[in-house]
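S.K.: I am attaching a structure below and will ask some questions about it afterwards.
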Amino acid sequence: MATTALEVASAVRAGERSARAVVEEHLAVIGEREAEVHAFNLVMADEARERADAVDAAVAAGSDPGPLAGVPVALKDNMCTRGVPTTCSSRILAQWRPPYDATTVERLTAAGAVIIGKTNLDEFAMGSSTENSAFGPTKNPHDTSRVPGGSSGGSAAAVAAGFAPLALGSDTGGSVRQPAALCGVVGVKPTYGAVSRYGLLAFASSLDQIGPFAHTVADAATLYEAIAGHDPRDSTSIPEPAAPVSSWLDDGVDGMRVGVISELSGGGIEGIASDVQARVRVAADALAAAGATVEETSVPSVIYGLTAYYLIAPAEASSNLARYDGVRYGLRVDGPNTEAMNVATRTAGFGDEVKRRIMLGTYALSAGYYDAYYGKAQRVRTLIIDDFAAAYEKYDVLLSPTSPTTAFELGAKVADPMTMYVNDVCTIPSNLAGHPAISVPYGVGDDGLPVGVQVLAPLMGDVTMFRVAAALERSLP
Amino acid sequence: MSSPISRDDVAHVARLARLELTPDELDRFTGQLAAVLDHAADVEALDVTDVEPTHHPYPLRNVQRADVVVPSCDRDEVLAEAPASEDGRFRVPPVLGEEA
């Protein structure tokens, strides 16, 4: 069975393999391990078969179904699929069936892909372990006593377990890259606005960005090209076509300038495990051996990223999640009047982490505290952008760990939200700045579990980011 | 250092956010929110008075679509997913007063 998406698409387009057979093979793998991993909220077996047959019919009729012909894709369950339940892993959306498709879903279909299921997540994408799901946690396929990371843990686990060669997640503070690192797959957060958010259920609108999971950088690049590009239905969409990120994957890093962020590599933020730091050093040496100039560099204000993020993201969430009021969709718990119904619905429908963030955001935005919390966080966000700008005058890309540690035990961090939040310390700065970043699996830690190395690039630097990631991937034995 | 958020503050924001908390939840959430806000103290010493706030990471301004009517979601399809509907509209309990 072909392992990469590019191999699958090439074989399907050439009529050498049927998309239907590809779907059946993946459904069989799901049948073997899904009960143990719990990557999916919904496996769309019938829809996937029907869709695969349509792809095969197109090939038989002599037309080209597209660059992802017949490739199964697992979709995070916070992207709208018309007529198919979209839950955000929350009781409050229950079995809501959206009346429209997200732009990413339309573009996947146009590229010939086959959506094979909706994947589990931390409720409303709030979390770093996929334990905050109303439908139970997802397990890490490498060790099912450990978390897959989050919030897109279902998508990361689906790719790692071989349930689909590709998946989509959303990344607000690291929710694609951190689970990719913990599950040993590639995960990408594109430049903010590169991929349309139309049909993505909003968490923090100035930070949310949809991105690919794959086994290889080339597969991730192909998926990126399929979903990126301007969408008039998202007012924050960059008015440019998708960046041709696949074109320079083989060009190497000779002459490039790479800065290793010292604050995230043991010299500032505490808690970055030594085995993870060691893998970043190996990656830096590999890029140097491939011809890049590699130096340690300081991006001083990244140490304030966590604080800025945990004020800005909840503030935006408290506003975005006001729409779940029992009136138009999802759960309703009745009450004697509309306000009582709103309160009863939200109280029963949201889990603890979502309630915490809604209250934190409401507080940060409230009269008397706005300037001290939200206003200050937005100014710190500017400092981070300015420090990145200074670094990118000297370097083409920056390097850091993706996650401070390898995958941790289920339940280890659920009791203390702040301990959980620290998982995102390396990934958050890119969201605050809107910059692209990618996690490349790069060996294992002392416990034998995957470690991800993060390549960060400036705004619209997605092509360079993919190029360096491909060079890193080639440097692995 | 005094707690950055009190139990009464949490009860107040819960009301604003249309959430009902049990006394146990109030205690627990107060401690947890205080821990997050305590961590935020790390930026207290930063002087950012002359720094402009960033609301949004990509410099787009006044994005408007063409003023052309296009089909929207089908009303019946939307209402079929509503908890309650009547005469082509969403139905809710009384806004003022209470249901008899």
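The values are calculated or read from the model by the stated rules, or taken from the named source; none is laboratory data. Values in this document were obtained by computation on a predicted structure and should not be read as measured data. Cβ: placed from backbone, ideal geometry, glycine included. Neighbour counts: every protein chain shown.
S.K.: Report, by residue number, each residue of segment A:1-19 that is modelled with pLDDT of 95 or more and either in contact with a Cys (Cβ under 9 Å, 6 or more places away or on another chain) or more than 12 Å from A:Ala113 (Cα to Cα) (or both).
M.R.: Of everything in segment A:1-19, those that are modelled with pLDDT of 95 or more and either in contact with a Cys (Cβ under 9 Å, 6 or more places away or on another chain) or more than 12 Å from A:Ala113 (Cα to Cα) (or both) turn out to be A:Thr4, A:Glu7, A:Ser10, A:Ala11, A:Ala14, A:Gly15, A:Glu16, A:Arg17, A:Ser18.
S.K.: Within segment A:403-414, does at least one residue satisfy the condition of being under 23 Å from A:Ala469 (Cβ atoms), surrounded by 24 or more Cβ atoms within 10 Å (Cβ to Cβ), modelled with pLDDT of 95 or more and not hydrophobic (A, V, I, L, M, F, W, C)?
M.R.: The answer is yes, given that some residue of segment A:403-414 is under 23 Å from A:Ala469 (Cβ atoms), surrounded by 24 or more Cβ atoms within 10 Å (Cβ to Cβ), modelled with pLDDT of 95 or more and not hydrophobic (A, V, I, L, M, F, W, C).
S.K.: Which one of these does B:Val70 not meet: (1) more than 25 Å from the chain's Cα centre (by Cα); (2) within 30 Å of A:Thr345 (Cβ to Cβ)?
M.R.: (2)
S.K.: Applying the selection to segment B:60-77, what residues are assigned to a loop (DSSP other than H, G, I, E, B) and within 9 Å of another protein chain (Cβ to nearest Cβ)?
M.R.: B:Leu60, B:Val63, B:Gln64, B:Arg65, B:Ala66, B:Cys73, B:Asp74, listed by residue number.
S.K.: Spot the failing condition for A:Ala278; the list is (1) in contact (Cβ under 8 Å) with a residue 12 or more places away in the chain; (2) in a helix (DSSP H, G or I); (3) away from every other protein chain (no Cβ under 14 Å), and only one is missed.
M.R.: Evaluating A:Ala278 over (1) in contact (Cβ under 8 Å) with a residue 12 or more places away in the chain; (2) in a helix (DSSP H, G or I); (3) away from every other protein chain (no Cβ under 14 Å) leaves (1) as the failure.
S.K.: Which of the residues spanning segment A:324-372 are aromatic (Phe, Trp, Tyr), in a loop (DSSP other than H, G, I, E, B) and either within 9 Å of chain B (Cβ to nearest Cβ) or over 13 Å from B:Pro83 (Cβ atoms) (or both)?
M.R.: Scanning segment A:324-372 gives A:Tyr329, A:Phe350, A:Tyr369, A:Tyr370.
Yes or no, residue by residue, for (1) hydrophobic (A, V, I, L, M, F, W, C); (2) surrounded by fewer than 24 Cβ atoms within 10 Å (Cβ to Cβ); (3) within 25 Å of A:Arg332 (Cβ to Cβ):
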{"site": "A:Arg97", "(1), (2), (3)": "no, yes, yes"}
{"site": "A:Ala102", "(1), (2), (3)": "yes, no, yes"}
{"site": "A:Ala110", "(1), (2), (3)": "yes, yes, no"}
{"site": "A:Ala113", "(1), (2), (3)": "yes, no, no"}
{"site": "A:Ile116", "(1), (2), (3)": "yes, no, no"}
{"site": "A:Met126", "(1), (2), (3)": "yes, no, yes"}
{"site": "A:Glu131", "(1), (2), (3)": "no, yes, no"}
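S.K.: Further question on the same structure: Find the residue count for segment B:78-94, including only residues that are more than 19 Å from A:Glu339 (Cα to Cα), out of contact with any Ser or Thr (no Cβ under 6 Å at 6 or more places or on another chain) and not in a strand (DSSP E or B).
M.R.: Residues in segment B:78-94 being more than 19 Å from A:Glu339 (Cα to Cα), out of contact with any Ser or Thr (no Cβ under 6 Å at 6 or more places or on another chain) and not in a strand (DSSP E or B): 5 in total.
S.K.: Further question: Of the conditions (1) facing chain A (nearest Cβ under 7 Å); (2) at pLDDT below 90, B:Glu81 satisfies every one except a single condition; which number is it?
M.R.: The number of the failed condition is (2).
S.K.: Let me ask something additional. Quick test of your reading of the structure: A:Tyr310 fulfils all but one of (1) under 24 Å from A:Pro417 (Cβ atoms); (2) at the interface with chain B (Cβ under 7 Å from one of its Cβ atoms); (3) surrounded by fewer than 22 Cβ atoms within 10 Å (Cβ to Cβ); (4) hydroxyl-bearing (Ser, Thr, Tyr). Name the failing condition by number.
M.R.: (3)
Residues checked against (1) under 30 Å from A:Gly445 (Cα atoms); (2) crowded, with 24+ Cβ neighbours inside 10 Å; (3) at pLDDT 95 or above:
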position	(1), (2), (3)
A:Gly326	no, yes, yes
A:Thr338	no, no, yes
A:Thr382	no, no, yes
A:Met418	yes, no, no
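S.K.: State which residue is farthest from A:Ala340 (Cα to Cα) when the search covers only segment B:3-21 and only residues that are modelled with pLDDT of 95 or more, at the interface with another protein chain (Cβ under 7 Å from one of its Cβ atoms) and part of a loop (DSSP other than H, G, I, E, B).
M.R.: The selected residue is B:Ala17.
S.K.: Among the residues in segment A:28-39, are any out of contact with any Phe, Trp or Tyr (no Cβ under 8 Å at 6 or more places or on another chain), over 27 Å from A:Gly150 (Cα atoms), of a type in the set (Gly, Ala, Ser) and not in a loop (DSSP other than H, G, I, E, B)?
M.R.: no
S.K.: Among (1) part of a loop (DSSP other than H, G, I, E, B); (2) more than 8 Å from chain A (Cβ to nearest Cβ); (3) surrounded by 10 or more Cβ atoms within 10 Å (Cβ to Cβ), there is one condition B:Ala34 misses while meeting the rest; what is its number?
M.R.: With respect to (1) part of a loop (DSSP other than H, G, I, E, B); (2) more than 8 Å from chain A (Cβ to nearest Cβ); (3) surrounded by 10 or more Cβ atoms within 10 Å (Cβ to Cβ), B:Ala34 is out only on (1).
S.K.: For the condition more than 7 Å from chain B (Cβ to nearest Cβ), under 29 Å from A:Arg146 (Cα atoms), not in a strand (DSSP E or B) and not acidic (Asp, Glu), what is the one hit in A:Ala390, A:Ala377, A:Ala412?
M.R.: A:Ala412
S.K.: Right, next: I'd like to verify a number: residues in segment A:21-44 that are buried (at least 20 other Cβ atoms within 10 Å of the Cβ), in contact with a Lys or Arg (Cβ under 9 Å, 6 or more places away or on another chain) and closer than 19 Å to A:Ala58 by Cα, how many?
M.R.: Residues in segment A:21-44 being buried (at least 20 other Cβ atoms within 10 Å of the Cβ), in contact with a Lys or Arg (Cβ under 9 Å, 6 or more places away or on another chain) and closer than 19 Å to A:Ala58 by Cα: 1 in total.
S.K.: May I pose another question? If we keep just the residues of segment A:415-446 that are charged (D, E, K, R) and more than 19 Å from the chain's Cα centre (by Cα), which is farthest from A:Ala469 (Cα to Cα)?
M.R.: Result: A:Asp416.
S.K.: How many of the residues in segment B:10-47 are among the charged types (D, E, K, R), in contact with a helix residue (DSSP H, G or I) (Cβ under 8 Å, 6 or more places away or on another chain) and touching a residue at least 12 places away in the same chain (Cβ under 8 Å)?
M.R.: Counting residues in segment B:10-47 that are among the charged types (D, E, K, R), in contact with a helix residue (DSSP H, G or I) (Cβ under 8 Å, 6 or more places away or on another chain) and touching a residue at least 12 places away in the same chain (Cβ under 8 Å) gives 1.
S.K.: Turning to a different aspect of this structure: Considering only residues of segment A:150-187 that are under 23 Å from A:Ser10 (Cα atoms) and β-branched (Val, Ile, Thr), which is surrounded by the most Cβ atoms within 10 Å (Cβ to Cβ)?
M.R.: Only one residue fits best here, namely A:Val159.
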